[in-house]
Each structure stands twice: as structure tokens, then as C-alpha cells.
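Reviewing the structure listed below.
Any read-out appearing in this document is the output of simple, stated calculations on the displayed coordinates, not a laboratory observation. Note that the structure is predicted; figures quoted are calculated from it, not measured. We place every Cβ from the backbone using ideal geometry, glycine too, and count neighbours over all the protein chains shown.
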């Protein structure tokens, strides 16, 4: 019975390559701020009824970073092909939630507001978070394509590698059957 050892190895390598390249693209594009998205990217090989499936996982917001998001006031140039968009009716609740996230980010980056005299104001990170959240909601998020590019690059030549792996598995199975019949 065929175990497809070589095929499984090739598919695992494909998954690992997608993970490695997507993490590289994320870091190279300076989108690896907290490291949470980077750490969440994983691949696994699953046996399904008709063969195998390579699954690449990441945190949900990775889709928005990869594909971008249309803003409420921006043109569709920002995230032209993205299926995601902010709704103008989502109101203050979404902004309140994001205010805390952006306030934390602004604090880690030491971003501060200045007063009329040009002096830095102390600790006004909640205001900065609100300003950033509102701006992103209006302008949207530009797509990075970090995962899409990694997948496309890794996919090149995969059909040939899979064919060779299956041929090795069949040849190995035939050798094993010949040994068993002697």
C-alpha cells in the first residue's frame, strides 16, 4: 500500500517555505511590529479523504494586512482588489476598541502630541490612539501582499516536484512489492 512518504515530505516543505517567505516579507516590509502576527503563521499537512492538504494559518487580522482594507473616505486605489472595507456606520464602538490598541502602539513608539508652543504633551496616548484609529478607518489599510507573494513564489515549480515525489513513491512501492513476493 502506497504511503506517499516523498509526497508528504514535498508538501511539508512547501508549507514551511510559504511560512518562511511570508515571515520574511512581513519583517522586510516593516509590518512586524509586535511579532504576534509573525508568530501566528504556521503550516500543517492534513490527510483528507482524497489525498493531502497543506494548511497555512495565521491570526485573522493577517488577512487585512495582506489584502488591505478600503477606508470610508478613500478611493478604491488604496486596497483595489481587497474584499474588506470599513463601514461608515460602524460608529464610535469600533474606534473606542481600536483607540486602546493604537494608544498602546503609540506609547511603545514614543509618539507624542505637541502643544501650541511646540512642547511635547505628557501621556496623551488615548487621544493619539483615537486620531490614529479614525485616520485608518477613513483612509484604509494599504495591502502588503506578504502572504500572497510568499504563496505565489513557493508555488512555482511545485507541480514538477510533486510529480517527481509521486514517481519516487511508486518506484519505492514497486521495489517493496518485489521483495515481498520473493
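For this structure, a couple of remarks:
- Alpha-carbon centroids, the stretch 26-78 and the stretch 140-159: separation in whole Å: 10 Å
- Treating each Cα of the chain as one equal point scatterer and applying the Debye formula with no solvent, the log10 of I(q)/I(0) at q = 0.11, 0.15 Å⁻¹ comes out as -0.66, -0.97.
- Here the contact order of the chain, divided by its residue count and restricted to Cα pairs under 8 Å and six or more residues apart, works out to 30 percent.
- To the nearest ten degrees, helix 5-28 and the longest principal axis of the Cα atoms of the chain are 20 degrees apart.
- Paramagnetic reach from residue 87 (point 7 Å along Cα→Cβ, amide N under 16 Å) across the stretch 39-75: 70-73
- With Cα atoms, 0 to 90° folded angle of helix 158-181 axis to the chain main axis: 30 degrees
- Cα-based helix-to-principal-axis angle, 125-139 vs the chain, degrees rounded to 10: 60 degrees
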